[in-house]
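Colleague: Once you've had a glance at the structure underneath, I'll fire off some questions.
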Amino acid sequence: MLAPTALLVGRSYELEALQAALAEARRGSTRTVVVAGEARIGKTLLLDELVSRVGPEAAAVVGRCVDSGSGPLPHAAVAAIVLALVRELGRDEVLAAAGAGADVLGAVVPGLVEMRPGAALDRLPDVLADLVASVAASRPVVVVVEDLHWADGATRAAVARLARLPGDARVLVVLSYRSDDVGRGHPLRPLLAELERSRLATRVELARLSAGEVAELARALGDGGLDALDVERIADRSEGVPFYVEELVSFVGTALPESLRDVLLLRYEQLDPGVRTFLRTVAAGGVSVPHDVLAAAVGDPDALDAAARAAVEAHVLVAAGAEYAFRHALVQEAVYGELLPGERTRIHAAYARAYEARPATARTLAEVANHWWRARVPDRALASAVTAQAAAEATGATSTAAEHGERALELWHEVPDAEAVAGVSHHELLARARSDHA
Ligand SMILES: Nc1ncnc2c1ncn2[C@@H]1O[C@H](COP(=O)(O)OP(=O)(O)OP(=O)(O)O)[C@@H](O)[C@H]1O
Ligand SMILES: [Mg+2]
């Protein structure tokens, strides 16, 4: 299999637009650019290229929003940005620059600073903006926030605040999101509309590659081993999405599939039935699954190790620390789609029990609630949604809390004696939902 290339094909216009914004920020302006494009179209590669061109006299920090499988992982991108600034400047300078409210940073980066009880989490956007502005007083700062389709409410508020830094702050904010994931009613929509309306941001849209660009990429990846017909087929089947070009180049010489979805399953389909069963189990756990949770869900450690090895060797999974992750979220989705209904509910119930056995963090409780929901076990789904809602509220993740609350309300009428199961009244649940949405 070919490793993804760092080679950037095309995109000269888009890169120029980003570099022009960078040049303006260096000269003393504040600029925000929104990079939009469908899944796997090349947003990250383009932004990596931009960051590599920033140079040592400016600070560039990158944060990514993360989907936990049961909603956005709270503050993920903000935490990464704060940590990157700590690496760049040192802890003391970061705390000094963040000013009076610095202790709020302890809520997103545990251990960085002790949080005063009652520290107001809603100050996070202001504190982050003060921090970035203060660093920018001595050098230009580039802040990249990727994958905003997975942002939680606090991260969206922080981004909106950064875009509103004074016009002469010497800051370039670059935001990316998957346009195909942000449909009507998506919570990112109002922020995007606001940035556009107020002319605070410019947009860069990443379109699919042209046939000529696909051919260039395929030839580079194929290392001289592709003939004209191969290249033509790849241009045809990939529909210009670079990720599919990479996958298809790896399978030249075999019968190439007709649909894009089948491209995602190429590697999966080649594996033994036992490994495929294992992969469907992993897929039900989300894009990445902790090893111990997976072991509990699979129930047979020897079988797990053998299957995991085969899946890693086939480049479907990667082992990252104590987790197994799909190399691509799109592949996870496609493999998840291969689950039969009975298989799906059984495996989700096994995950729910496995997460229940772990220490009860907000993240674990969210997983428990998500898996009972997907396992279609209404009473457990209701009880765990109420618990996860409270845990999310306690960490200031109100949009996550709101999602759990909505599910609890949806489940209420399916559960006999719901009040006893949930441990709260319907009235109380409605009141909590209102305050989470406030
Ligand atoms: N213009 C390009 N030239 C060469 N390779 C590319 C190009 N664009 C994307 N790729 C390759 O395609 C794959 C997907 O790209 P990338 O991860 O940047 O997409 P993305 O839009 O960030 O995806 P996601 O929506 O999952 O975040 C990567 O392996 C990348 O190296
Ligand atoms: Mg990306």
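The values are calculated or read from the model by the stated rules, or taken from the named source; none is laboratory data. Fair warning: this is a prediction, and the values are worked out from it, not measured in the lab. When we count neighbours, we look across all protein chains shown, and the Cβ atoms used for this are built from the backbone with ideal geometry, even at glycine. Heads up: the accessible areas ignore ligands, DNA and RNA and are worked out on the full protein's heavy atoms, side chains in. Shrake-Rupley method; radii C 1.70, N 1.55, O 1.52, S 1.80 Å.
Colleague: Go through region 331-387 and count every residue that is free of Cβ contacts under 8 Å to residues at least 40 places away in the same chain, in contact with a helix residue (DSSP H, G or I) (Cβ under 6 Å, 6 or more places away or on another chain) and among the polar types (S, T, N, Q).
Modeller: Here the count works out to 3.
Colleague: Against the condition in contact with a strand residue (DSSP E or B) (Cβ under 7 Å, 6 or more places away or on another chain), closer than 30 Å to Tyr13 by Cα and within 16 Å of ligand 1 (Cβ to nearest atom), how does Ala76 come out, does it pass?
Modeller: For Ala76, the condition - in contact with a strand residue (DSSP E or B) (Cβ under 7 Å, 6 or more places away or on another chain), closer than 30 Å to Tyr13 by Cα and within 16 Å of ligand 1 (Cβ to nearest atom) - is not met.
Colleague: Ala334: on the phi < 0 side of the Ramachandran plot and not in a helix (DSSP H, G or I), yes or no?
Modeller: The answer is no for Ala334.
Colleague: Residue under question is Ala133, and the condition is that it be on the phi < 0 side of the Ramachandran plot, in contact (Cβ under 8 Å) with a residue 40 or more places away in the chain and open to solvent by 20 Å² or more (accessible area, probe 1.4 Å); does it hold? Even if it seems obvious, please write down each step before you answer.
Modeller: Values: on the phi < 0 side of the Ramachandran plot: yes; in contact (Cβ under 8 Å) with a residue 40 or more places away in the chain: no; open to solvent by 20 Å² or more (accessible area, probe 1.4 Å): yes.
So Ala133 fails the test.
Colleague: A further question on this structure: So in region 13-51, with the set limited to residues that are hydroxyl-bearing (Ser, Thr, Tyr) and in contact (Cβ under 8 Å) with a residue 12 or more places away in the chain, which one is farthest from ligand 1 (Cβ to nearest atom)?
Modeller: It comes out as Ser29.
Colleague: Ok, one more. What's the number of the condition Ala6 fails, among (1) at pLDDT below 95; (2) within 16 Å of ligand 2 (Cβ to nearest atom); (3) in contact with a strand residue (DSSP E or B) (Cβ under 8 Å, 6 or more places away or on another chain)?
Modeller: Every listed condition holds for Ala6 apart from (3).
Colleague: Only one of (1) on the phi < 0 side of the Ramachandran plot; (2) more than 13 Å from ligand 2 (Cβ to nearest atom) is not met by Cys65, so which one is it?
Modeller: (2)
Colleague: Related question: Would you point out the residue of region 146-201, among those that are part of a loop (DSSP other than H, G, I, E, B) and acidic (Asp, Glu), that is nearest to ligand 1 (Cβ to nearest atom)?
Modeller: Once the filter is applied, the top-ranked residue is Asp147.
Colleague: Which of the residues spanning region 308-328 are assigned to a helix (DSSP H, G or I) and open to solvent by less than 60 Å² (accessible area, probe 1.4 Å)?
Modeller: Listed by number, the residues that qualify are Ala308, Ala310, Ala311, Val312.
Colleague: Turning to a different aspect of this structure: Filter region 224-251 down to the residues that are touching a residue at least 60 places away in the same chain (Cβ under 8 Å) and under 23 Å from Ser12 (Cα atoms), then identify the one that is most open to solvent (accessible area, probe 1.4 Å).
Modeller: The first filter runs over region 224-251 and keeps only residues touching a residue at least 60 places away in the same chain (Cβ under 8 Å), leaving 241-244, 246, 249-250.
When the remaining residues are screened for being under 23 Å from Ser12 (Cα atoms), the result is 241-244, 246.
On the way: Val241: 2, Pro242: 22, Phe243: 6, Tyr244: 24, Glu246: 41 Å².
Among them, the one singled out is Glu246.
Colleague: Just checking: which of the helices (runs of 4 or more DSSP H) contained wholly in region 38-114 hold 2 or more residues that are open to solvent by 30 Å² or more (accessible area, probe 1.4 Å)?
Modeller: In region 38-114, the matching helices (runs of 4 or more DSSP H) lie at 43-52, 76-89, 91-98.
Colleague: Here is a follow-up. Report whether or not Gly101 is touching a Leu at 6+ places or on another chain (Cβ under 6 Å) and over 25 Å from Val368 (Cβ atoms). Explain how you work it out, then say what you get.
Modeller: Values: touching a Leu at 6+ places or on another chain (Cβ under 6 Å): no; over 25 Å from Val368 (Cβ atoms): yes.
Criteria not met by Gly101.
Colleague: Only residues in region 289-301 that are outside the structural domain of Val368 (by TED's automatic domain parsing) and at positive phi count as the first member; pair them with residues that are open to solvent by less than 60 Å² (accessible area, probe 1.4 Å) and in a helix (DSSP H, G or I), Cβ under 9 angstrom, at least 6 apart or cross-chain, and list the lot.
Modeller: As it stands, the answer is Gly299/Ala350, since those pairs meet every condition given.
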